[in-house]
Structure formats: structure tokens, C-alpha cells
1. Over the range 213-348, what is the relative contact order in percent, taking alpha-carbon pairs closer than 8 angstrom and at least six residues apart?
2. Explain nothing, just compute: Karplus ³J(HN,Hα) = 6.51 cos²θ - 1.76 cosθ + 1.60, θ = phi - 60°, for every residue of the range 273-287 in order, whole Hz, x for Gly and Pro.
3. Using a cut-off of under 12 Å, list every residue of the range 20-53 whose amide N is near the label point 7 Å from the Cα of Gln120 along the Cα-to-beta-carbon line.
4. Taking just the alpha carbons, could you work out the radius of gyration and Dmax for the range 696-815, both in angstroms?
5. Would you give the gap between the C-alpha center of the range 128-204 and the C-alpha center of the range 539-605, rounded to a whole Å?
6. Please enumerate, by chain and number, the lysines with C-alpha under 16 Å from the C-alpha of Lys452, excluding those fewer than 8 residues away in the same chain.
7. In a Debye calculation with equal point scatterers on the alpha-carbon sites of the range 659-737 and no solvent, what is log10 I(q)/I(0) at q = 0.15, 0.23 Å⁻¹?
8. Just to compare against my own numbers: the Cα pair-distance distribution for the range 224-346, 5 Å bins, whole % per bin, please.
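The values are calculated or read from the model by the stated rules, or taken from the named source; none is laboratory data. Here the structure is a predicted model, which is why all the values come from computation and not from measurement. For neighbour counting, all protein chains shown are included, and Cβ atoms are generated from backbone atoms with ideal geometry for every residue, glycine included. With ligands, DNA and RNA removed, areas are computed over all heavy atoms of the protein, side chains included. Shrake-Rupley method; radii C 1.70, N 1.55, O 1.52, S 1.80 Å.
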Amino acid sequence: MAKLCALLLMSLASGTFGQAPTAPVLNPRGAVNTFTVQPAPSNVSAGGILTITGINLGPAVGFTAAPGTLPTTIGDPAVEVRINNRLSPIYAATPGSITVQVPLETPNGAAQVVVRRGEQTSQPTRFNVIGAVPSVRTANGKGYGAAGESDGVVVKLRATGLGLTDPRVGTGELPADDQPAVLRAPIRATVGGLPAEATAQLSSSNVGEFDVAVTLPTESLPTDVVAVYVGNAVGNRVTLGTASAVVSEYLPLPANGRDPRGLTGSDLRPGYLTLSGVRGEDGCWPSWLVDFSRKAVQGLSGCAATANRNALTPFQANNEAAGVATFVGPASADIAQGVSDKLTVLHPANAEPMTVTLPAPGLALAGAQGGNIGVVLATTPVRNVVVNPITGEITEGAGGAVGPGGGGGGININNVAVDLGDGVKVLVSVPVTVAQGALAVLAVDSDTAPTKAKFGVVNATGQPTATQDFPNGWLPLLAPVQAGGPGGGPGGFPGGGAVGPALARLRSATFYDAQTRLFWTLARNPQNTADAFVAFSLAPNTAPQVLPLGDGVFVASCTPQTRLFTIDLTRRIAVSTGTVAEKEVKNPCAAQSFALLDLTARQLTTINLPGQGQFSVSGNSANEMNDYVYGTNADPARQGRSDTLYVLDGVGGSVFRLDLPPEIAGFANPAPYPEMGLLVAQATAQNSNVNGGAGLVLFDIENQQARLLPTPAGFSAVQLLSIFPTTRKLLARGTRVEPVGSQLLVYDMVTGDLQVVANPAGVVWAGPAPVVPTPGQPQQQVQALQHFSPRSNAVHVVGYGADRRAIGVMLLRIN
């Protein structure tokens, strides 16, 4: 409602006093994928469906297109929608929204949409056009939850964005009645992690929509997650159905398996995981396969091994895959010669473990597309092969392995040496690719007391092809070095900390704008009395441009990294600023404002926090989500807790604060979930120092609200474990003091309802049990034998008895 009022005020301000405004006004965040409802900046494939919101858009009486070819102009005065200046077919329109098809000819990348009404045209808003990626319609129309119609054999889904068809059907058109338009690209699906045959053809009645048919595996359950892939691009995940409550299952561990140290869970298959014990003197890890579909915990024969002697488990599970794998050991004495030429592959589609013989000993396991297993072979040169986890078939992989220190667009930044002339040889920025074989860099004559600096374009070997001196009176702003450590990373490397000697010296934050071919960086004058943005152009004979931040405004440069936050929707860059030219690391590092750089207009704006507010930029205290930059208030007395969240709306160019509900004293460790536009943090109760003692606080950034998911009665605190976007559920662990123990808690993030999951008989701790300290002995580390997979809506947790020994495994299906 607040955003709608703001739009209305904007419209009134632009109109004539006393007259009803007629110009269309778009919500700057109002271009959203109709099927996934992903918050802006939203991703939509060419041919997909886009919903635009605002005011004065469609006819007052509304419009819904008749069956058949869609119009590109409707109403009187005429209304049309253009995406990158292409007319877009219109499905429906009201004064507050218009739904259109993204033209198939739209290229990938940032796109602009405008609405024209009569002779008046709106300001543009932006979204991202991506390659063919499925967008599946769900029953609730919100992009998550149950979808499709199932007869128990096939589930029929509706989707957009799958790509071109054969025969090709034009934008806004239906296929011919006598010739089905079949998807050109390969399509597949998984149901509950198991492979499922899928077909797709354009709907004969709904323009731009595909009818997708997925054959269900015989083991399918109503709670299973369905994922549709075009090529290797996966769409929004949906479920076959719903369940009234979380489904909990339990398998006890055998007597010889009650000391597991490592857990590897399948990414896609619920209830499929391995447990491993302590590595033996023979170099083998005793291991067990836990398979809930077969109600079995099976000891694995043979020797499971890996190159890392200190690994908790030798098994590896890859993203977007159902299986797990390990080398068959013992590992060779010289690891450089490979661990083994055999793999043990476990997959839920196979009844028994499979042994695969490799063409040469393998060095490491890696991810591979299509749910396969990648293996790096110890050959000269190094080779990659791909193993099908169901059949065991081996094919050659693409390219060679990436060795340590790679990256930087072809430059090995561990060893790179640049010489931009005049003694300027010390690289201080991450090389950025600006053209084929060309990388932009910054260098100085000294990274401790620089007096000269240059911008340069170099080739992959570091040889300069063009250089430019820094503007007179300015030097790159280098982040300070952490005392006693290697320092932090540059802009774009969140977290800072010990990132290695190569990245530690790259302390200049930079941004390359491909649209204007400008390379931006931060600068400070040698007297430490002014900061600025500096832009270097890739166009020849163009002088650098200096945009000073203004009198008394400085970059908050008291962290081992300086973050630049990109605001995609309005083509801006944000940086945290303060009133002091800091030169040393501080914790907290306080900022009182933001500087916003408009990349198109090349103008700077400073936006102060409300009141006398300040926020911390130390570590990940300040971060970006969906073109909002957020930070927590900086108060050392709070010992890492905060009571206020400050948010920069990078699109609207304003700052607001979110205060806590009255029953909360503070919060800690906010975690972002951009697909829902939420931050989730542990809440501290009044007169308490226990993180999570009050529950969990949800910050709804777009709606500018904060609400509490309270700690249930009988529990002393809750800990956030994971969030499951497909069902909008939050998983936490609740700790009890009397009786002592812990249980899993599942909150419904939409309704606020809570389900306390009962522990199986004998289980006192659902998850890691605290270690009872032994006097005079160092505190032991507690291994968290747990696995959370939002891709499968599955939770795997080892349960512990009163003696703090593992006694079984819990499976939760979050629905």
C-alpha cells in the first residue's frame, strides 16, 4: 500500500493540479515473472510471460484477450507495451497491471519495458531476460507449492520460457490446429530426485504456454518435489501435492554404526544418505548407506577413500544430483598419481552399489551437468571424465581441470606480474574481462605507501596494451590490512578474512559497466581529505572522470574489504559512507550514509540514515538483496547484536529503518533469502543475552515489516537451520533446558503456524548433542551430522540418546 501511494503521489506531482492524471506510471519493481512471481529484479525467458504493475496502465473497464492471436494495442486511448522497443502481445490489463508476452526476439540481458497510453509514455522499468529456463505455474499462482494435475501415472504441468518449437510459432500466436509445436531443446524432469521422462509442446489454447507431461516414477509420493529441466537449466521447483503436516520418519543405527563422524546427503532424493566413521589405519572410512525408501541402514563393503586424510567422509554429493560417490581405496601412497582407478557409486535408482573402473586413477570428484559425476584424472595433461551414476557409462568431459590460483579471466593472480610503466607494477584490483583476451586492471608503485597509480588493459599474460595515469591528485582507495592477518578481499568478494595472499593484496574495489564501457573505482587524495569515484573509459583518447563524494563524506574504509553494491534495476552503484577518512580496520566499522552513483547520468547522490543512525559494514553486516542494501546498527556494547535494521532502497533512492517488535530486545546473524525478499535473524528477548531466546525475526524488506516467529513454550532458544522456498517453510532447532534436549521446529512462513516435531523413542537431541566439558581438557568440537536440502524438501538429522551417542537418523519431508 505504501508503494502504491508513492506511485500515486508521483503521478499527481507530474500532472496538472485539479486534473485527473492520465500518464502511465510503472512501479520501479513492478516487472515480474507471471508464473514464478520472483521479486524484482525478476528473470523471464524470451517468450515468457511478464506482469507489470503501476497506475494508469490499462483501460478502466479492464481487458482480457479473446482466444487466439494476442493484440499489441488495446483500448481507447490506445495502450501498448514495448520491451526493448518491441511491441509486446497483451494477455490482460487493468488500470493497475498489464500482463504481456516477452517477444521471442528479445536478446538475453537487462531489458526495459515501457507502457504507452495515448500520447503519453511511462518511465521504463527493468527486468532480466535469460535463456530458456522453465517457469512453472503453481496452483496458488505464487510460484511455489503444488502444481499440475496428476492421475497417478502422469502429472501435467503448465510452463513458459522453454524456448523455440518445431515448427516455430511466432510471438503472440498459437500453433496450427493440425500441427503440434514440439519443444526443440531436450527436456527432462526429476520427481523426488528420480529421473522422469518429460515431453512439452505449445498449448493449443493459451499463447506462450507449454503443456508439459511428466511420467511419474513408481515410487513417487505426494510430497515429492518436481523439477523440470530444459537442457541443464532448471525451473522453479514445485510439489506433486500437499500434506497436512511435516512427514517424519526414523531409522535406528546398527550397534557398530553408533559413532558416525561424517554425513553426505543426496541433493535431490529425500532419505538417501551415507554415514562414515573414523578413518582407519588402513586408509579406509567405514561407511553405511541409509535408504529410507528401503527402510534400511546398510553397511558398505570395500574401502571408501579420498585424497584428504582429514576428511570427515570420503563421499561426495553434487548439486542437482541424486547419487553419491567415493573412490575405492586404499588411496595410493603418492596422491599426485591419483587416489584410485575405481569408484563406488550409490544411486537411489539402483538396488545395489555400483563399482566403476576409470580409464586412469582419479585425483578428485567434481560436479557435472545432468546429475552426473565428474572425475579429474591424474593424467598428463589432466583429463576430466563424466560418469553416469545409473549406468556407469564413462564419457570425456569438457576442458581441463582448474588448478589452484586460477580465475581472473585467464590470469593466474597468484603469479601475475604487471608492469604498466613508470615503476607501477603492483596489481591492486581483480582483473576484469572487458573484451576477448583483454582485462582491465589497476596498479600502483607500492601497496603500502603508493605515490603513483595507473589504469591498464592487459592481455592474458599480463602484458599491457593500453595504460592511463590516475587523475592528478588522486590515488586508488586501498582497503586497510587486517592486523596479524592477510587482509580481506576486494569489492565483490564478500566476507573478507583470510582469502589467501593473492586476493589479500587486491584491495581496490572496482566495477566495469559494459553498457558505457567505463571502469569505475574508488579514490582518495593523498592528504586524506576527499574521496571520489573515478571512471576510466575504454574509448581511446578519453580522459578519466572524477566524481567527488562531497565535503566531509568518505567511504567507510575501515574493513579489510570495500564493498560496491550493484543496483540493477536503476543502473546504480552504492557504497557505504561516513564522516571520517578511516585508514585502519575497526570492528564495528561504522557508516552513517550511502553514496549512490548513477551509471547512466554519471551523477552522485548522498543519502543519510534517519536521525543520528549508523550501521556496521564489518564482515557481512552490510549486504545486498534484490537491489536493497541493508545493514545493522553499530553498537559495540551489544556484543554482536542489533536492535535496528537500516535499508537503502537502491531503486527508490531512499533509506528506511525497520524496528523490532516490542517483545524483542535485539537480533543477530541476519540471513538473506532473496527468492522471498526476506531476512531471517535470531531474536533476543528482553532482559536476556541468549540468541534465539525470543525466536526468529522475519524482516520483509519490500513491505517494510518485521514480525516474530516466537520460541515455543518449553524451549529456551531456537536456531535457524534452513528455509524451504518451495513450500515456504522454515526449519529451526529448539533447545530445551528441562527436560534437557532439542527438537526440530517447522514454521509456516505464510501463516506463522508451528509444528514441533516429536523426537523418536530414545532420541533426546535432534541433531548435535552438546559435549560435556572435561575439566582440564580443551573443548571438543561438535560435529553437526545433519543435511538440509531445499531442492528436495528433505532434512536428514542424526539423533542422539541421553548418553550423547548417535542412535538413529531422522528424515523430515517438509511440505
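1. Reported as a whole number, the value is 17 percent.
2. Whole-Hz 3J(HN,Hα) from phi for the range 273-287: 7, 10, 10, 10, x, 6, 4, x, 5, 7, x, 10, 9, x, 9.
3. Within reach of a label on Gln120, which here means backbone N under 12 Å from a point 7 Å along Cα→Cβ, the range 20-53 contributes 20-26.
4. In order Rg, Dmax, the Cα atoms of the range 696-815 give 15.6, 52 Å.
5. 44
6. Cross-link targets: Lys425.
7. Here the Debye-derived log intensity ratios amount to -0.47, -1.06.
8. 2, 10, 18, 19, 17, 12, 10, 7, 3, 1, 0
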